[in-house]
Amino acid sequence: MVESFVNPAAAGEAGVGYTRIILRWDVIQPAGPVDWKPANVPDPIVEGELAAGREVVGLLIGTPDWAIAPDWTGDRSSRAVPDMFYWEAFVRRMAQQYQGRIRHWVIWNEPDVWMDGHPGKTWDGTVEDYARLLKSAYLAIKDVDPTLTVHVAGMTYYWDWEHGRRRYLDRLLETIATDPEAAERGYFFDGVTYHLYFNPSQAVDVLNETRQALSRYGMAGKEIWINETNAPPSEDPQEAPWSKPRFRVSLEEQAAFVLQEFALAFSSGASRVEVYKLRNSADHPESIEPFGLLRADDSPRPAFAAYRVATTYLGDFTAVRREQR
């Protein structure tokens, strides 16, 4: 569950097993390579989640102005390609800072969102630039502790699909495969991550295509996570969207989606599934739709009960298969 820490009691009641926390480089080291502001690192949040029995997954993102690559010609923003020397040093220090507390690291977020000016765009570099970013992070993290896992940034899949572009993952895997060090170093990642919304049946197609792509480049056996998923409702009379939503989704359909997504994703090979998100912010400025299983006033939507059903009855499954009749 994304942001389970906003209501730990509800997260416990729902049976949340792990959460994702975004750790921004430009916030933690804003002024320079010797700057380190632990007050900007949400240690109390991490400790609270661990004390509640929830695993924490860390997401690293955000280039500070001082660390932008010297040959960078684009906008000087947190989306810029960093100097890999400084990036490697930051990642190494983060792995050391959270050693024994965070075992899974996701490197950046949605690099496949390519449209300038879109609020979801977080990466201005090329696929080749991202491959270098991933490699540097992987080598630094594994050097601290080889048992830690490194995951490719969560991708949307449908950004490329809707515009007729070759999938970002396929382009990335092709780039990685050309690196002469890749094969002996695990191809610089342990898992692939996707963000899939609205249509639970798409998980089947995307996961199948992902496994085929991994096999095509000799990288079979990597974990596949769905690290964001939901069908945010458009018709909640207690908390309506602030603008016209993309799709009509009832509260009951959101609840049905939760169960369908878990079942279809697990039966199609996903190792983990994470719902975005536990609770809405008061004005939910991050999106047209308020995604939360809880409203901003902490009242539960039907999807909260559906999530609890999933964690109760699917939480300890040992085998799964999909039957279509």
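The values are calculated or read from the model by the stated rules, or taken from the named source; none is laboratory data. If you're wondering where the values come from, they're calculated on a predicted model, not measured in any experiment. Virtual Cβ from ideal backbone geometry, glycine too; neighbours counted across all protein chains shown. Accessible surface areas use protein heavy atoms only, side chains included; no ligands, DNA or RNA. Shrake-Rupley method; radii C 1.70, N 1.55, O 1.52, S 1.80 Å.
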All positions within the stretch 6-45 that are closer than 20 Å to residue 300 by Cα and open to solvent by 60 Å² or more (accessible area, probe 1.4 Å):
8, 9, 13
The number of residues in the stretch 189-236 that are of a type in the set (Phe, Trp, Tyr) and in a strand (DSSP E or B) is 3
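Yes or no, residue by residue, for (1) more than 16 Å from the chain's Cα centre (by Cα); (2) among the basic types (Lys, Arg):
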residue: 225; (1), (2): no, no
residue: 229; (1), (2): no, no
residue: 234; (1), (2): yes, no
residue: 242; (1), (2): yes, no
residue: 255; (1), (2): yes, no
residue: 260; (1), (2): yes, no
residue: 271; (1), (2): no, no
residue: 274; (1), (2): no, no
residue: 277; (1), (2): no, yes
Give just the number: which of (1) open to solvent by 50 Å² or more (accessible area, probe 1.4 Å); (2) not in a strand (DSSP E or B) does residue 48 not satisfy?
(1)
Hits in the stretch 25-44 (condition: under 25 Å from residue 138 (Cβ atoms) and part of a helix (DSSP H, G or I))
25, 26, 27, 28, 38, 40, 43
Inspect the stretch 72-83 for any residue being surrounded by fewer than 21 Cβ atoms within 10 Å (Cβ to Cβ), assigned to a strand (DSSP E or B) and on the phi < 0 side of the Ramachandran plot and give the result as yes or no.
no
Considering only residues of the stretch 238-286 that are acidic (Asp, Glu) and part of a loop (DSSP other than H, G, I, E, B), which is farthest from residue 21 (Cα to Cα)?
239
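Assess whether residue 56 counts as being over 17 Å from residue 95 (Cα atoms), within 22 Å of the chain's Cα centre (by Cα) and open to solvent by less than 60 Å² (accessible area, probe 1.4 Å). Reasoning before the result, please.
Values: over 17 Å from residue 95 (Cα atoms): no; within 22 Å of the chain's Cα centre (by Cα): yes; open to solvent by less than 60 Å² (accessible area, probe 1.4 Å): yes.
In short, no.
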May I ask you to verify whether residue 68 is in contact with a strand residue (DSSP E or B) (Cβ under 7 Å, 6 or more places away or on another chain), open to solvent by 60 Å² or more (accessible area, probe 1.4 Å) and not charged (D, E, K, R)?
no
Cross-chain or 6+ apart pairs with Cβ under 9 Å, the stretch 226-247 first and in contact (Cβ under 8 Å) with a residue 24 or more places away in the chain and open to solvent by 80 Å² or more (accessible area, probe 1.4 Å), then among the acidic types (Asp, Glu) and not in a strand (DSSP E or B)
238/297; 242/283; 242/289; 246/289; 247/289
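Yes/no per residue for (1) among the small types (Gly, Ala, Ser); (2) within 24 Å of residue 304 (Cβ to Cβ); (3) at pLDDT below 95:
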{"residue": "7", "(1), (2), (3)": "no, yes, no"}
{"residue": "13", "(1), (2), (3)": "no, yes, no"}
{"residue": "39", "(1), (2), (3)": "yes, no, yes"}
{"residue": "74", "(1), (2), (3)": "yes, no, yes"}
{"residue": "97", "(1), (2), (3)": "no, no, yes"}
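Would you check if residue 22 is closer than 26 Å to residue 145 by Cα, at pLDDT below 95 and part of a strand (DSSP E or B)?
Judged against the criteria, residue 22 is a match.
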